[in-house]
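Undergrad: Before anything else, here's the structure in question.
Here, each number is a calculation from the coordinates, and none is a lab measurement. What you see is a predicted model; the values in this text were computed from it and never measured. Don't worry about glycine lacking a Cβ; one is built from the backbone with ideal geometry, like all the others, and counts go over all protein chains shown.
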Amino acid sequence: MMRVLQDMRQRLSASLAEVFGRYFFRMKNRAVIIAVPGLMIVSIICAVCSVITQQAVVRGETLKRAEVVSNMISCIAQCNLTQRNTGQGREMLTLLREMPAVVSVSLYDDHNRLTQGEDDAADQRHPSPYQRKMTIFEDRDHYDIYTPVFSKGTSEDYDSAYTGSLPDRNDKPVGWIRTAVLRAYLKEDGTRLIFKGLLAAFFFTAGSSIVAFILFVFAVRSLTRISSAVRDIRNIHYPELPMRSHDGIEDIASEFERMSRAINKREAMLVVRARFSQFGSDIGIALTESANLTEMIGKCCEICRLYTDSICVAIWRYDMNDGLLHLQNMSGMFAGDPFPSVHLALGEASAGHIAMEMVPFATKNPSEIPWFRNREFMVSHEAGFFAGYPIVVESRLIGVLELFARQPFCWDLLNTLDTLSDEMAVGFERKLIEERMRDSLEEKEVLLREIHHRVKNNMQVISSLLNLQSGTLADRRYREMFDDSKNRIRAMALVHEKLYQTQDIAKIDINDYISSLASGLFMFYGVSASHIELSIDAADIVLGIDTAIPCGLIINELLTNALKYAFPDGRKGMIRIAVKKDEGAINSGTMYTLSVKDNGIGLQEGFDFRDSKSLGLLLVTSLAEHQLQGSMNVTRQNGTEFHIIFRDAGDRKKV
């Protein structure tokens, strides 16, 4: 049960907090909740007070009038009561009855007997009306006023009755006068007075409401604008709040307006700088990623047109050989040719003048420039602004950048274009150097290929000469010597042939080279691949010409010896050639291992290849240990295996 009560209390507290937090504690709603009922209560109180006050005023005014009338009547009635002048009293009563407020007038003597006027029934008279002072009784329709009458001694006292003053006497009155005054007549004046009071209360309420509304507007308007501006700031918008400072809230709003204006100005400046930064970034990308100079200039033209909102952008290239400017690229949507020619001399037209002066130029009145020859184009396309920049590197003219636009450029854009023109100059110069180097490298590559081709052809000629010479020899031993020489020449010629046939003229694929070399030797000695199996393991190994030729000669000699001597009497076997790469230490560089193994009859016991009289083994030893600067050893298990370890050509010592 307690938990239920606690839950109910928490829910009620949350609901009240939400309601009061949402509706009451906000400045706007709080002002409405307090101001409107307060004004209504004040207006009601003012109206009630006005009515009460007016009623009191009406009553006082009525009594005052009745008192004045009664005093006048009592003064006049002295003559009638003291001197028993009934004619004069009758005339007096007649005159009094003609008054609009008086209904009846009656005179009584000191014995309460009616002497003049109309008398009411005794039961309709008010009790004890006969006193020494004036007595007023209120009925539903009348005011009954009983006024005592005292005797007057002189005519001066009689005359004073018309001034409204009564003598101050302490003697017994000689009679009384009863005056009945109609209340309805007096109510008309009271009603008018009450209406005036209500009207005043109404005007007071209306005026208070207007004042409260004005105060509410002045109090809440600033907060409303500030809250709206805060929401805009949350949405990354910075509005300006035009306000006049009247109080603390308006001061806050004014400061907020100044802050928003400063933020907007800063944001606009950052947007412009970001655009200019992106402009430079795109130009940099075009200068670095373009394949050639023509593509680079075309991209720069298009980027400049997009970021400057120009109708036309042109880049001229200066040729030092003929001394002319050549239109390299032009970008823009226009009709007609804006330039007098695609080839301009220095000083001719706007581009030639800028190239000759090598100073940036911009104008909003190109028609006033005497050397400007693009006026017709600018008039036809409503172009009211021109800017030109020389593209210069270390006082060397590379070209000219021209821009035609409808609106003038701001100073920041002009300065950005000036900076970018320098970057273009560096990029164009670098691309020109790259193209020249590429052309030079291509020429050298063609020359190297031609050299390799001619060396291969010359070696083929030498091999053919040796072949012709060997045909004239009768001694078989000499013919074999010529054949070995031809194979060695062919091994070297094959290196040059592979070099000029590949894309990389500096290195060859050793696996492909060994395959071609072995295929030629197998064919030369008439050995079938099914009789002697050849295995080559040299994948992804490339060697330069300084390493490939010695390796080719070594492989040629060892493979020739294996084919000639390892498998006598038609024995079958296997030959394995492998080249491995070993990434050694930093100081030792890249190491290679060349191994040639066969499972033939092997070398004789005690045979030392370094003391051999065979030219082939002497050549292998010399090439391995001297030219390749490596080491060589022989293994005689299950045939013969030669191991040669050497460095790459770049890591070998120069001899």
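Undergrad: Once a ≥ b ≥ c are taken as the square roots of the eigenvalues of the Cα gyration tensor of segment 323-408, is the result rounded (a/c under 1.5), prolate (a/b larger than b/c) or oblate (a/b not larger than b/c)?
TA: Prolate is the answer for segment 323-408, as a/c is 1.5 or above and a/b outweighs b/c.
Undergrad: Hey, what do the phi angles of segment 282-287 turn into as Karplus ³J(HN,Hα) couplings, whole Hz, using 6.51/-1.76/1.60 and θ = phi - 60°, x for Gly and Pro?
TA: 5, 5, x, 5, 5, 6
Undergrad: While we're here: Computed FRET efficiency, Cβ-Cβ of Ser380 and Leu306, R0 22 Å: what is it to the nearest 0.05?
TA: In this case the efficiency is close to 0.50.
Undergrad: Output the pairs from Lys64/Lys196; Lys572/Lys597; Lys580/Lys613 with a Cα-Cα distance over 18 Å in this structure; if there are none, say none.
TA: Lys64/Lys196; Lys580/Lys613
Undergrad: Separation between the Ser395 and His343 pseudo-spin-labels, each 7 Å from Cα along Cα→Cβ, expressed in nm?
TA: That separation, rounded to one decimal, is 2.9 nm.
Undergrad: Here's a follow-up. Between Ser367 and Asp582, how many nm apart are label points set 7 Å from Cα along the C-beta direction?
TA: Here the modelled spin labels are 8.6 nm apart.
Undergrad: If you don't mind, there's one more thing I want to ask. Among 453-465, 399-411, 432-444, how do they line up by average Cβ neighbours within 10 Å per residue, starting with the highest?
TA: The densest-packed peptide leads the list: 399-411, 453-465, 432-444.
Undergrad: Let me ask another. By its C-alpha gyration tensor, with a ≥ b ≥ c as the square roots of the eigenvalues, how is segment 494-609 shaped: rounded for a/c under 1.5, else prolate for a/b larger than b/c, else oblate?
TA: Here segment 494-609 falls in the oblate category.
Undergrad: What's the Kirkwood radius of segment 267-322 in Å, using all Cα pairs?
TA: 12.6
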